[in-house]
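Worksheet: one structure, shown below.
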Amino acid sequence: MIIDTVCTYCGVGCDISFKTDNRQIIKAFAKKEGTVSRGKLCIKGRKGWEYLYSPYRIKKPRIKKSFIEKHINYFPEHIRSQIKNLTDFDKNFYEADFSLTCEIVAWKLKQIKEMYSPYAVAGIGGARTNCESAYLFQKFIRKYIGSPHIDNCARVCHSPSLKGMRTTIGEGAATNPFDDIYKTEFIIVIGSNTTEAHPIVANRIIDAVRNGTELAVIDVREIPLSKFAHHHLTIPFESNLLVLNMMSRVIIEENLYNEGFIRQRVKDFEEFREKILTDPFSDPELFRKVKGYEYLSEKIRDVARKYATKKSMILWGLGITEHIDGSYSVMAITHLAMLTGNVGKEGAGLMPLRGQNNVQGACDMGCLPYFDPDYRTPEETGLMTPDIIDAVLDGKIKAIYNLGEDIAHIHPNQNKIHRALQKLEFLVVNEIFPNEITEYADVIFGVKSAYEKEGVYINAERRLHLSQPVIFSDLPDDWEVLSEIAKRMGIQVQYKKSEDIWNEVRREAPVRFSGASYEKLKQNRLKGLQWPVKETDTPVLHVNQFRTEDGYGRFHYKQWEIRGMVKELLQKGEYEDFYLTTGRNLIHYNNAAQTKECISLISKISEDTVYASEKDREKLRNASKVILLSQYGETEPLKLKFVSFLKEGTLFTTFHFAKSKINYLFGDESDTFVKTARFKSVKVKVIPVH
Ligand code: SF4
C-alpha cells in the first residue's frame, strides 16, 4: 500500500510517500509529481521515520511520584479513589490511565487559576504538531485558562522574519514558491547553510546555478553552497545589517534603484535615502579598515549591482535572525527588494527559510503572545518565552503547559532555564520521547507523531499539506489531550475529529484559510495549497500592493551598531579568544528527539563536534577535544576538528545533543523587538583537553 503524506522535519515540508505492508513501513520515498519534493527527499525524509518503532516512545501518561505524594491529601475524592490504579514506571514516575491523568491536570490547572490567577499559567509550543493542535493550544491557554501567555519556538528562530517583514511589507512569510528559484536570474543566500538545513531547497539552487543562474553566498564561513557560488562573501560575525545597508547604499548611489516601483508601491524613500547616505556605517569603504575582510568593499558593490540589475531572490535563515538586530536585518533585506522591485512577481522575491515544517503554521494559528489566529491583535498581549522564564523565577508564573518544545535544551541561557523549571509548581508536557524537559515534568502525555495522525502542516513557502496516518497508533493527538483536559475543567468542547477544528480555523482565520477545506487539501495531497486560499491558492504575494494596511511598503532604516568582531578588528586589528556560531547538520533535527531514535541516522553522527580553522591548529595545541567557555556557562568536552571552511579565530558547532551543553554558552542577548536569542555569535574561550 502507498500512503502520501508530508515530512514534518524541516521547513521545506516535502510531500512524502510510504510503502507499507500490513501496517508496517517498508520504505519512504518521494513521487516525481510531488510539487515540493520533485521526487527527492533528504536522508531525514528517507530514514527519519525509524523512530516510530523505538522502544523508548512514551506509550502511556506518566505522573511524577513526588507530585502525587505532595498532593495526595488534597486531591478531590474522584481522583483520590483512583490513585491506587497507578503503576510504577521508574524511580521517578508512575504510569497512569489517560482519563485519570486528564482529571489530575484539569484539577491542578484549576487550582492554580483559583489560588493565584489565570496569568500564572503559560503555554509554550505548538510548532511541532499540526495546525489543529496548535490552534487548540492557543485557544486552551487564552480562552479555557484565560492567560495571554502563549508562545512557540519561532521565538528562537524566525520571529524576527515575521517582525521585519510585517513592518516593511505587511506579511511575515515567504513571498514566492520554492520553484521560483528556477525562474530567477540572481540568488543571494545569506545566513543559511541551505544544503544541511533545507536540503531540497539547496537542490533547486544548485540546479538553477547549473542552468545559468548567478549565486551569491554571504555567511561567516564557507558553506557547501559556496563552491557553486559566483560570489562568496565571508563576513565578520554580527555584520549582516552592516553589509545589507551597504548594498542598499550602493544601489542608491549608483542610481540602480527602480524609481517607478518605489513611486508606485513604497513610502518614506526620501527619508531612507537621506539616512543611508549620511550613515558612516553604510559605506562599503569601511571594510578596507577591517583586517582580514578588506576584500568585502568591492565584493559588496559587485553583489549589490547584480542584485539590482537582475531578476533576483534573497533566501535567508537563522544566520540572519538569531542576532540582536535580526528584525532590523530582515527589514534591510526587504529594503533591497523594495528598492529594486524584486518582489511581487514570479522569480523575484523574499524567502525566509523557516526552521521546521509548521512553525509557519503555529504562528498563523496564533501561538504567539502578540497575535491571535490570522495575525489579529489579541485582547491582551502575553509574555514571550524569555519573559515567561523570568516570570517563573519571579514567582509570577506557576504552571507551564509545554507542547513538544524542549526548552531545557534548545533555548539559550540553560542555567537560568533549569533554575526556572525547578521552581515551577506544575509542568505538563506532551511529547513523543523522554527528553530534557520531561525530566522536570509533573505530567507527561505520550502523543501521536506526525506519521500517525491527520492534520494540516504549513511549510516555509506558505504551503498547506494535509497529513494522513501512515501507521496506526492508539495514542491521542495533542488536540485530543487538550480537549479531554478542557472537558474535565467544565468546558464544552465538541471536536470529534481534527477536521472539526480545522473548519473552525477556516472561520476564525478566514483571510488565509477560508477556502482550504480538507476536501481541497486531499485533492492536492502532493501539491498542497499556498495561503491565502480562497477559490484558488496564492503562489506569489504582493503582486499589486503590499499587505500593509494601506497597501504601501515602508522603509525603516536602522544604522548598524558597532560591536563585537568588527569593533575589535577596527580598533585593534585583532581579537583574543574565538567567535562561535552554531547550526544544524544534515542528519539531525534540532534537539535530535526523533532523529537520534533512528538507527540509520544516529549511526552516522552521534555527537556534536566543534570545528576550528586549520590556521588555529597550533594555537589550540592540536587538541582532539575542547571545552568551550563563555561568561554564561561551559560545555562538556567536545570533539574538535580542524577545517578549511572557517576563518582564523572563528568556530562552528552543532547543538543537537543535550549532553554537549552548547546552549549553556548563551545569555539573554537577543533581538531588540522579539527576543530571539543571539545564537549565531558568542565569544568563547577554548580549553584544549587531551
Ligand atoms: Fe524532510 Fe526537509 Fe528533508 Fe524534505 S528537506 S525530506 S522536509 S527534512
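What follows draws every value from the coordinates through simple rules; no lab data is involved. Since the structure is predicted, the reported quantities are computational estimates derived from the model, not experimental observations. Glycine also receives a Cβ, built like all others from the backbone with ideal geometry; neighbour counts cover every protein chain displayed.
What FRET efficiency comes out for the pair GLU535/THR278, r = Cβ-Cβ distance, R0 = 51 Å, nearest 0.05?
It comes to 0.55.
Size descriptors for the chain: radius of gyration and Dmax over Cα atoms are 24.7, 79 Å. Quick one: go through segment 601-631 and flag any residue whose amide nitrogen is under 16 Å from the point 7 Å out along the Cα-to-Cβ line of GLU669. Counting only backbone N, you get 629-631. The charge dipole of the chain, taken about its Cα centre with unit charges on the Cβ atoms of Lys, Arg (+1), Asp and Glu (-1) only, comes to about 1100 debye.
Of LYS496/LYS596; LYS345/LYS520; LYS227/LYS680, which pairs sit farther than 29 Å apart, going by alpha carbon to alpha carbon?
Numbers: LYS496/LYS596 34 Å; LYS345/LYS520 26 Å; LYS227/LYS680 22 Å.
LYS496/LYS596, as the Cα separations exceed 29 Å there.
What is the list of residues in segment 556-590 whose amide nitrogen lies under 19 Å from a point 7 angstrom out from the Cα of GLU270, following Cα to Cβ? Backbone N within reach: 556-557.
Can you tell me the length gained on complete extension of the stretch ASP97 to GLN559, counting 0.36 nm per residue apart and subtracting the Cα distance? Mind dumping the intermediate values first?
Values: separation 462, 0.36 × 462 = 166.32 nm, distance 5.76 nm.
Stretched out fully, the ASP97 to GLN559 stretch lengthens by 160.6 nm.
With the Kirkwood sum run over all distinct C-alpha pairs, segment 642-690 has a hydrodynamic radius of 13.0 Å.
Placing one identical point scatterer on every Cα of segment 109-151 and ignoring solvent, what is log10 I(q)/I(0) from the Debye formula at q = 0.26, 0.27 Å⁻¹? Those come out to -0.82, -0.86, one per q. Taking label points 7 Å from Cα along the Cα-to-Cβ direction, ASP179 and ILE26 give a separation of 3.0 nm.
Sorted largest first, the spans of the alpha carbon positions of segment 496-631 along the three principal axes are 64, 49, 25 Å.
Computed with the Debye formula from one identical point scatterer per Cα of segment 547-603, without solvent, the log10 of I(q)/I(0) at q = 0.18, 0.22, 0.26, 0.28 Å⁻¹ comes to -0.75, -0.86, -1.06, -1.13.
Given Cα pairs under 8 Å that are at least 6 residues apart, what percent is the relative contact order of the chain? Once divided by the residue count of the chain, the mean separation gives 21 percent. Treating segment 69-167 as a set of equal point scatterers at the Cα positions, no solvent, please give the Debye-formula log₁₀ I(q)/I(0) at q = 0.12 Å⁻¹. Log10 I(q)/I(0), no solvent term: -0.57. Report the Cα centroid-to-centroid distance between segment 506-568 and segment 229-283 in angstrom, as an integer. Computed from Cα coordinates, the inter-centre distance equals 24 Å. Once the chain from PHE472 to THR377 is taken as fully extended at 0.36 nm per residue, the excess over their C-alpha distance is 30.3 nm. Computed from the Cβ-Cβ distance with R0 of 35 Å, the FRET efficiency linking GLU254 to GLN545 stands at 0.80. FRET efficiency for the GLN492 to LYS604 pair, using the beta carbon distance and R₀ = 41 Å, is estimated at 0.25. The length gained on full extension between GLU508 and LYS143, counted as 0.36 nm times the residue separation minus their Cα-Cα distance, comes to 130.0 nm.
Taking the Cα centre as origin and putting +1 on Lys and Arg beta-carbons and -1 on Asp and Glu beta-carbons, what dipole magnitude results for segment 242-385, to the nearest 20 debye?
With Lys and Arg at +1 and Asp and Glu at -1, about 660 debye.
When the inverse distances between all different Cα atoms of segment 319-447 are averaged and flipped, the Kirkwood radius reads 17.3 angstrom.
For the peptides 83-93, 135-145, 37-47, 429-439, residues were scored by their other Cβ atoms within 10 Å and the scores averaged per peptide; the highest-first order is 135-145, 429-439, 37-47, 83-93.
Candidate membrane-span-like segments in the chain, meaning DSSP H helices with Cα atoms spread over at least 18 Å of their own axis and a Kyte-Doolittle mean of -0.5 or above, are 98-115, 240-253, 326-340, with no membrane implied.
Each peptide in 174-187, 592-605, 234-247 gets a packing score, the mean of other Cβ atoms within 10 Å over its residues, and the list from highest to lowest is 234-247, 174-187, 592-605. Distance between the pseudo-spin-label points of TYR56 and LYS40 (7 Å out from Cα toward the beta carbon): 3.2 nm.
Using only helices, what value at 222 nm comes out for the chain when you add -39,500 (n - 2.57) per DSSP H run of length 4 or more and divide by the total residues, to the nearest 500 deg cm²/dmol?
Working: 24 runs with 207 residues, N = 690.
The helix-only estimate for the chain comes to -8500 deg cm²/dmol at 222 nm.
Centroid-to-centroid, using Cα positions, segment 314-392 and segment 1-72 are 27 Å apart. Between ARG617 and HIS78, the modelled labels are 7.1 nm apart [label points 7 Å from Cα along Cα→Cβ]. Averaged over residues, the count of other Cβ atoms within 10 Å places the peptides 470-477, 273-280 in the sequence 470-477, 273-280, highest first.
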